[in-house]
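The values are calculated or read from the model by the stated rules, or taken from the named source; none is laboratory data. Source: prediction; values computed, not measured. Note that each Cβ is placed from the backbone with ideal geometry, even for glycine, and that neighbours are counted across all protein chains shown. Side chains are part of the model used for accessible areas, which takes the heavy atoms of the whole protein and leaves out ligands, DNA and RNA. Shrake-Rupley method; radii C 1.70, N 1.55, O 1.52, S 1.80 Å.
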Amino acid sequence: MLTKTTENTFDEISVFFNRAAERLGLDEGVRELLRRPWRELKVAVPVRMDDGRIEVFEGYRIQHNGVRGPYKGGVRYHPSADQEEVKALASLMTWKNALVDVPFGGAKGGVKCDPTALSEGELNRLTRRYTINIEHFLGVNRDIPAPDLGTNAQVMAWMMDAYSQIHGLTPAIVTGKPVELGGSVGRDSATGRGATYVIRAIARDLGISLLGARVAVQGFGQVGSWTARLLWEEGYNVIAVSDVHGGVYRAGGLDIGELTRHVEETGGMAGFGAAEPVSNAELLELECDFLIPAAIDRVITEANAPRVQARVVVEAANHPLTPDADAILHQRGVPILPDILTNAGGVIVSYFEWVQNLYQHHWVKERVDQELLGTMTAAYENVSGLASSEDISLREAAFTIGVERVARVARIRGFL
Ligand code: NAD
């Protein structure tokens, strides 16, 4: 398993923010207003464990910036979730939501826990207690959580139920719910699908032929498994995938349908057919066309960035590259599709889900995918257009667009 430290995550995101603020000529006061989170809530989450003990977990909900609309962002269950990391991820949501122009501010939540070590009953109780303890921060026009690392549609169903016990049935309070409870069709695959749209767009711009393009995906959860599956269905050559325990590699390409069945049946990738084992660290250094970190943050650092051999790095996870790694790859001429663009499909379809809930109406899958394609394509064209006209990286362009939109609305609303 890879280790990571999170001490500097917020400062690292601030490096990207500062660069955009500099380019936009924002003065120090405005930068401070936009950099800082507006509200940070830390809560104790006591849970009766199956063996009768009480264990107290630590939970967070951080609202970074709400000038463009209600706060929006996922809830993460992970052993390394802490206030600093959640704060950093909340700020990414602010710039992401502005970049893809959904009418939300940025927020993030988290509970420091290992969800894989908890029983279903413990997870249910933890989720309810966490929800009740942050409930006064939430609201359908105030703050709307969603799934993230370590959480899923079931966790959203429990959150919705806990909130609804206080406020009456309120499906719009979370997105990423099961479809039976008002979730949107296409939300489960949305982040992965969105990533495939921007991969297709950059491949066209760089002249990379899609058929047979070699892909390596780190992470086989909600984001990684859909990304791998959709690319495989489109004829890409998915040569490696991994989860927390390690991965599998096959130069001639993996059958992702077979692999998915194998993982469902055995609970992991070990022992899968003709493929060779590959470690998470090795996967990041494979020669390929698209390297797609889709698991956790800060997996490509100054230590391994010089050894990355991909033609394009696709940030499906949030903040998988440190600023040092970003600089090294930029210097080496490796394009990076930045997280706030690449993985925005999740929040875009979350926005569609929220709209459907408010109107008590269901869209068909074709409409969801079509509108997702339109929104992702427009965002990609804006980012790549600014990057080439200003001769800057895709990340700097993406942050510049996001920060400019938030600053503009802050000014119109009278904050500045
Ligand atoms: P998930 O919990 O569904 O899956 C995470 C995957 O990563 C699992 O396969 C897990 O085994 C693997 N993993 C965990 N720790 C690892 C490690 N140390 N090394 C290698 N692999 C590891 O989470 P997810 O929802 O797919 O989220 C993945 C990333 O995508 C996160 O950065 C998240 O913030 C981001 N993201 C998710 C969404 C969404 O809609 N779920 C939207 C935008 C961004």
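For a straight C-alpha distance cut-off of 24 angstrom, the lysines reachable from Lys365 (same-chain residues fewer than eight places away being disregarded) are Lys72, Lys96, Lys177.
Residues in the chain average 39 Å² of solvent-accessible surface per residue, probe 1.4 Å, ligands and nucleic acids excluded. For the pair Ala270 and Phe415, a Förster radius of 51 Å applied to the C-beta separation gives a FRET efficiency near 0.45, rounded to the nearest 0.05.
Accessible surface of the stretch 123-273, 1.4 Å probe: 51 percent of it comes from carbon and sulfur atoms.
Volume per residue for the stretch 190-342 equals 94 cubic angstrom (convex hull of Cα atoms). Counted residue by residue at 0.36 nm each, then reduced by the alpha carbon distance between them, the extension gain from Leu206 to Val56 reaches 48.9 nm. Using a Gaussian network model of the chain in which every pair of alpha carbons under 10 angstrom is joined by a spring, one finds that among Ala107, Ala21, Ala344 the greatest mean-square fluctuation is at Ala21. According to the Kirkwood relation over distinct C-alpha pairs, the hydrodynamic radius of the stretch 1-97 is 15.2 Å. Highest GNM mean-square fluctuation among Thr94, Thr400, Thr260, for the chain modelled with Cα contacts below 10 Å: Thr260.
Which is the longest stretch in the chain that no exposed loop site breaks, taking sites as GluC sites (Glu not before Pro) with a DSSP loop state and at most 16 other Cβ atoms within 10 Å? Here the longest segment lacking exposed loop sites spans 8-233. Checking every one of the trypsin sites (Lys or Arg not before Pro) in the stretch 38-86 against DSSP loop status and a limit of 15 other Cβ atoms within 10 Å picks out Arg53.
Comparing mean-square fluctuations of Met376, Met159, Met49 from a GNM of the chain with C-alpha springs under 10 Å, the top value falls on Met49.
Adding -39500 (n - 2.57) for every DSSP H run of four residues or longer, then dividing by how many residues the chain holds, sets the calculated 222 nm ellipticity at -15000 deg cm²/dmol. When the convex hull of its Cα atoms is viewed from all sides, the stretch 314-405 shows a mean projected area of 6.8 nm². Between Ser164 and Met49, the modelled label-to-label distance comes to 3.2 nm, taking each label 7 Å out from Cα in the direction of the beta carbon. Put simply, the Cα atoms of the stretch 38-169 extend 47, 34, 23 Å along their principal axes, the longest span coming first. Determine the equivalent ellipsoid of the chain by diagonalising the alpha-carbon gyration tensor, then write out the semi-axes as square roots of 5 times the eigenvalues, largest first, rounded to whole Å. Computed over the chain, the values are 30, 27, 21 Å.
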